[in-house]
Each structure stands twice: as C-alpha cells, then as structure tokens.
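Asks: Here you go, one structure.
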Amino acid sequence: MLRSLGILLSALWLAACSDDSAPATADASQTRDGAQLYRQYCVTCHGSGALGAPRVGKEHRLYWSHEIEEEGFDTIVHEAIAGINSMPPRGGCFDCSDDEIRNTVIYMLQLSGAK
Ligand code: HEC
C-alpha cells in the first residue's frame, strides 16, 4: 500500500514538474496575436522610424526581404527577442513569450510584403 502510494506520489511529482517547466504563455489560447502586439508595442518605433527603427510597410519591402536573405528569419526573430542597438529586448514587451515575438515579427514581415 505504502509502496503504491509512493509510486502515485512520484507520478504526481513528475506531472507537476513537467507542468512547471512549460512557459506560462505556452497555452495557445494565451498566445496573443502578432497584429495586436505590433500595435501595442512596436508601432511607436517601427511605424515612424523613431530611433532609426526600420519602418514597416510595403514600401519597405526591399529592406525586409534583404534582411531575411542576409540574416535569415531565425536571426531576425532572435534579435527582436534579445534586442540589438536601440532595439530594446522584446521591443519593450517584457511579458511577451518567444512565440509572441515571433508572431509579431511575422506580422511585420507580412505588412511589408516580405516573408
Ligand atoms: C524603442 C523603439 C523600438 C521599439 C518599441 C521596437 N523596436 Fe524593433 N527596432 C528598433 C530599432 C532602432 C531597430 C534597428 C536596430 C539595429 O539594427 O540597429 C529595430 C530592429 C528590429 C528588427 C530587425 C532586426 C534586424 O535583424 O535587423 C525587428 C525584427 C524588430 N525590431 C522587431 C520589433 C518588434 C517585434 C517590436 C515590438 C514587440 C519592436 N521591434 C519594437 C527599435 C524599436
């Protein structure tokens, strides 16, 4: 009896552990939309070019296509997460998950007609 209780407890423990290791935002229903996050956090700089931010929009398609070609999509996403020069880490969205930043970068690339 005690032994099976032990097994049960360790099973619960393992379940709890694997739950803990998942990021709080991993739940798909909680992953915010790239368009929403872009308007909330990124448009301030990327809409106007403030602080030298590369602007978003079809007329800037060549810039973004070139970035993707030269650096690759994953590197661009990584830079958006880690920050680079005047680009703050996660664009200032400190509670954004990596997936949310990735979605937002995809949205920016779509707005620019580059993918
Ligand atoms: C405070 C202004 C500011 C905000 C807010 C901001 N950015 Fe940026 N971002 C910049 C600047 C400046 C650069 C250019 C950095 C450089 O290459 O020198 C940049 C560059 C980038 C790049 C291109 C990286 C590359 O490889 O050249 C991406 C992608 C990006 N930002 C995504 C985002 C996203 C997504 C958000 C919102 C979650 C965001 N930015 C919010 C200023 C900002």
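Asks: Loop-only chymotrypsin sites (Phe, Trp or Tyr not before Pro) in the stretch 23-114, please: DSSP not H, G, I, E or B, and at most 15 other Cβ atoms within 10 Å.
Replies: Numbers: sites: 38, 41, 63, 64, 73, 94, 107; in loops: 94.
Qualifying residues, ordered by number: 94.
Asks: Which one of 36, 62, 94 is farthest out on the positive end of the charge dipole of the stretch 31-111, using unit charges on Cβ (Lys, Arg +1; Asp, Glu -1) and the Cα centre as origin?
Replies: It is 36, whose Cα lies furthest towards the positive end.
Asks: What is the packing order of peptides 83-90, 98-105, taking the mean over residues of other C-beta atoms within 10 Å and listing the highest first?
Replies: Order by mean packing, descending: 98-105, 83-90.
Since every read-out is calculated from the coordinates, none of them should be taken as a lab result. Source: prediction; values computed, not measured. For neighbour counting, all protein chains shown are included, and Cβ atoms are generated from backbone atoms with ideal geometry for every residue, glycine included.
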